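Here is the structure we will look at, set down as structure tokens.
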Amino acid sequence: MRYKKNAVASGVALAMAMTTLSAQAQQRVENPQQLGDVQVTANRLPQSQADVLASTTIIDRDEIERSQADSVVELLQGRAGIEMTQSGSPGTVSSLFMRGTNSNHTLVLIDGVRINSAASSNGASSLEFLSPDMIERIEIVRGPRAAAYGSDAIGGVIQIFTRNGGKDTQAELNLRAGEDGFGKQSAYVAAGNADTRLNATLFHRDGDGFNSTEADTSGEDDGFESTGAQVGLSHRFSDSVQGSFRALRQDFDSDYDYGGASNYTSEGYQQSFSGNLDVALEPDWNMRLTAGHFDERRDDRNDGQRETLAKTKRDELGIQHTFTHEHGIESLGVDYRHEAIDYDSIWDSINRDSRENYGIYGLIQREYGRHQLSGSLRYDDDSLFGDKTTGNIAYAYQLATYQQLGASYGTAYKAPTLYQLYSASPYGNYGNRDLDAEKSKSTELFWSYQRDGWHGRVSLFENRIDDLLNTETGPDGEYRYYNVDEARIRGVELSGGWTYGSLSLNASLTRQDPENRETGDQLARRAELYGRIDADYRYHAVSVGMTLRASQERPDSDYSDAIDAGYGVVDLRTAWQVTPTVELSAKLENAFDKDYQLVDGYNTQDRYLEGGVKLSF
């Protein structure tokens, strides 16, 4: 293990030494987060969406504002390949399932920084408190991306980019109010010129919520509150050097119901910091240095008495070199990650509090006439469970200027968390330090189309996942985590849309067979069929829109026979640009007052009305 770490460290040193070569290049460094439809998440470098062979979706700032969504959960629900659940009122625990994989099989990033918990039982990310007010865009990449990012990206990657500053001075004030005592306020300011850009966002939302569970007969609502701030700064030092810094902090406090009791609370914070330095070493050779930090604190209490305090801290460093040629791109990078936890619970403890990971990865992409080929390879060395090599290869053929046919194959893995490895409890032994990583092999065939305002994609996918973790009684009689399960997920994913003048239509439909290969049962909380339709139309100063989210029934748990019934929910919205400075807006969620559940026994929002005013300067 020591030899492997030294080898990776030597690679980092060599790559850094290369930066002294040709520091004054002629090519200007562009900020990939400001390049229109450029996608940066799929391969960790800026590429046009047309050149990315993975299945992707971009939710930009215009769409975020048009949707009037109050949370990231609302923004993502029902998108192509994405199912989400939430255990009651806003602010309660949410789970994301991408292409039928588990809720911890999707890597979530904020400005390139991982935000998954290292102290929870499964290592998933907390999306329920992330505010759309601080988001510039969201990039969704479906399918395995471990060859670029390492652990966790079995189902795909979601990257959230925080707000940008522009070349001009601007400001926004957004005030909203709704039923159930809901209120939201946000302020955004930005200033800059050709070389320096600065922006900041302040945001707050709170509400009385609603009674989260059927078992709680007290009628008590489960309220929530979240307050935060975001800052972004970028500066061009010269024609060849540019740097940026981003910071996000948000504090949260929410009530939730558990086991029929209604006196549970969860409070804490999330914060992330990221910095990039881009250097054009030659006209065809760019280098990026990255650094990031994330920490999260959750304090769960029952009737005021602490039950669990969980803290995660993570630091990341990386260096990436990208070479562009007439027929393609090559990229080589190394990264380092250290994470630590602080855990205190009346139920259990964790006997080891830190780990580190070294990784080295490479990408090559080529285009010859109508043929396009990309491949990537990554090697990871984890201090706790060992090393892992993953890869991805994709090919596409241009049938016409507007049609493409292709295929891809990729491998991925999910490293066990510190909790799964080292937790211990007087009520039973949970941790197992002999755990192996969960592993997957995925294939995809696709056809895409883009012409005259139309765009569409059809993807056939299969993902086989081995060594899934589960808790059960082992041969020694101890109840703990084991690598016991296997899953096979097959499906077809359709997405597309049409834009004509002021009319915009977008739709997605996913048909899948998420099967537990051990039992033959359908995987919990994953439907065989679900989809979403968005329609928006603008007539002069007035716009109207509609979203339909629908899903078939799905099993709720591996441990019960409960079934969550299918549903179809319609949300309506409208906005009026009264003056260039003033915009009024309103939305009606669950317009037909559909009674449905995403988690068995937990209520969802009934018909809900909200309105607001936005002032732009």
note = In whole Å, largest first, the alpha carbons of region 83-226 cover along the principal axes 58, 44, 24
remark   = With the convex hull built on the alpha-carbon atoms of region 56-152, volume per residue in Å³ sits at 104
key: Computed over region 528-617, the ratio Rg/Rh where both radii use C-alpha atoms and Rh is Kirkwood   = 1.14
inquiry  = Quick check for you: with a 1.4 Å probe and neighbouring chains kept, what is the accessible area per residue of region 258-407, in Å²?
reply    = 45
key: Proportion of all alpha-carbon pairs of region 467-617 beyond 18 Å (%)   = 71
message = Within region 407-508, what whole-number % of the accessible surface is contributed by carbon and sulfur, with the 1.4 Å probe and all protein chains included in the calculation?
response = 51
task = Enumerate the calculated ³J(HN,Hα) couplings along region 503-508 in order (Karplus 6.51 cos²θ - 1.76 cosθ + 1.60, θ = phi - 60°), each rounded to whole Hz, writing x wherever the residue is Gly or Pro.
result = 9, 9, 10, 9, 8, 8
ask   = In what sequence, largest accessible area first, do W285, W498, W347, W447 appear using a 1.4 Å probe?
value = W347, W447, W498, W285
request  = Using only alpha carbon pairs under 8 Å that are at least six residues apart, calculate the relative contact order of region 326-451 and give it in whole percent.
outcome  = 21
task = Compute the whole-percent fraction of alpha carbon pairs in region 341-447 spaced more than 15 Å apart.
result = 72
message = At 0.36 nm per residue, and after removing the present C-alpha to C-alpha distance, how many nm does the segment from A291 to L317 gain when stretched out fully?
response = 8.9 nm
request  = On each of the three principal axes of the Cα atoms of region 456-521, give max minus min coordinate, whole Å, ordered largest first.
outcome  = 67, 19, 16
message = Students sometimes get this wrong: rank F182, F385, F273 by accessible area, probe 1.4 Å, all chains present, largest first.
response = F273, F385, F182
query = Roughly how big is region 361-512's charge dipole about its Cα centre, with Cβ charges of +1 (Lys, Arg) and -1 (Asp, Glu), in debye to the nearest 20?
reply = 800
key: Histogram of C-alpha separations across region 403-548, 10 Å bin width, %   = 10, 26, 25, 19, 13, 7, 1, 0
request  = May I ask you to derive the FRET efficiency for T443 and Q552 from their Cβ-Cβ distance with R0 = 22 Å, giving the value to the nearest 0.05?
outcome  = 0.35
task = Per DSSP H run of at least 4 residues, take -39500 (n - 2.57); add these up for the chain, divide by its residues and hand me the 222 nm value, nearest 500 deg cm²/dmol.
result = -1500 deg cm²/dmol
remark   = One checks the Cα atoms of region 146-264 and finds Rg and Dmax, in Å, of 20.4, 65
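Provide the per residue accessible area, probe 1.4 Å, for region 84-183, rounded to a whole number of square angstrom.
It amounts to 20 Å² per residue over region 84-183.
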query = Dividing the Cα convex hull volume of region 175-326 by residue count, how many Å³ per residue is that?
reply = 168
Stretch gain in nm, segment T169-L529, where the contour uses 0.36 nm per residue and the Cα spacing is subtracted = 125.0 nm
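Just to verify a number: FRET efficiency for R511 and T471, C-beta to C-beta distance, R0 = 41 Å, to 0.05?
Here the calculated transfer efficiency is 0.85.
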message = Modelling each spin label as a point 7 Å along the Cα-to-Cβ direction, I'd like the D452/H338 distance in nm, to one decimal.
response = 6.0
task = With an 8 Å cut-off on Cα pairs and a minimum separation of 6 or more residues, tell me the relative contact order of the chain in percent.
result = 12
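How far, in nm, would the chain grow between E179 and L309 when pulled straight, counting 0.36 nm per residue and subtracting the alpha carbon separation?
43.6 nm
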task = With viscosity set to 1.306 mPa s and temperature to 10 °C, compute the Stokes-Einstein D of region 269-350, Rh being the Kirkwood radius across alpha carbon pairs; µm²/s, no decimals.
result = 101
note = Quick shape summary for region 313-390, equivalent ellipsoid via Cα gyration tensor, semi-axes whole Å in descending order, reads 38, 12, 10
task = Give the relative contact order (percent, whole number) for region 286-398; include only Cα pairs under 8 Å separated by 6+ residues.
result = 19
task = Between the alpha-carbon centers of region 270-284 and region 505-531, tell me the distance in whole angstrom.
result = 38
query = How large is ³J(HN,Hα) for each residue in region 541-554, as worked out from phi by the Karplus curve 6.51 cos²θ - 1.76 cosθ + 1.60 (θ = phi - 60°), to whole Hz, x for Gly and Pro?
reply = 8, 10, 10, 10, x, 8, 10, 10, 10, 9, 8, 6, 5, 7
Rounded percent of accessible protein surface that carbon and sulfur make up, region 262-376, 1.4 Å probe = 51
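Roughly how many Å² is the accessible area per residue of region 411-464, as a whole number, for a 1.4 Å probe?
46
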query = Over all Cα pairs of region 405-490, how is the pair count split among 10 Å bins, expressed in % and running from 0 up to the last occupied bin?
reply = 16, 32, 21, 15, 10, 4, 0
query = region 480-497 to region 288-319: how many Å between their Cα centroids?
reply = 28
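Let me check something: with ligands and nucleic acids excluded, how do H371, H105 order by accessible area (1.4 Å probe), largest to smallest? Intermediate results must be reported in sequence, preceding the final value.
Numbers: H371 85, H105 0 Å².
From most exposed to least exposed: H371, H105.
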task = Give the calculated FRET efficiency between T196 and D434 to the nearest 0.05, with a Förster radius of 56 Å applied to their Cβ-Cβ distance.
result = 0.60
task = First compute the accessible area of region 131-178 with a 1.4 Å probe, then give the percent of it belonging to carbon and sulfur atoms.
result = 48
Principal axes of region 353-401: Cα extent on each, largest first, Å = 54, 14, 13
ask   = Residue-wise, which Karplus ³J(HN,Hα) couplings in Hz belong to region 456-469, taking 6.51 cos²θ - 1.76 cosθ + 1.60, θ = phi - 60°, and x for glycine or proline?
value = x, 8, 10, 10, 9, 9, 9, 10, 10, 10, 10, 6, 4, 7
task = Please report how many Lys pairs in the chain have alpha carbons closer than 13 angstrom, counting only residues at least 8 apart along the chain or sitting on separate chains.
result = 6
remark   = Given 10 °C, 1.306 mPa s and a Kirkwood radius over Cα pairs, the Stokes-Einstein diffusion coefficient of the chain in µm²/s is 63
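The values are calculated or read from the model by the stated rules, or taken from the named source; none is laboratory data. Note that this is a predicted model, so its numbers are computed, not measured. Cβ coordinates were reconstructed from backbone atoms using ideal geometry, including for glycine residues, and neighbour counts include every protein chain displayed. Ligands, DNA and RNA are excluded from the accessible area calculation, which covers all protein heavy atoms including side chains. Shrake-Rupley method; radii C 1.70, N 1.55, O 1.52, S 1.80 Å.
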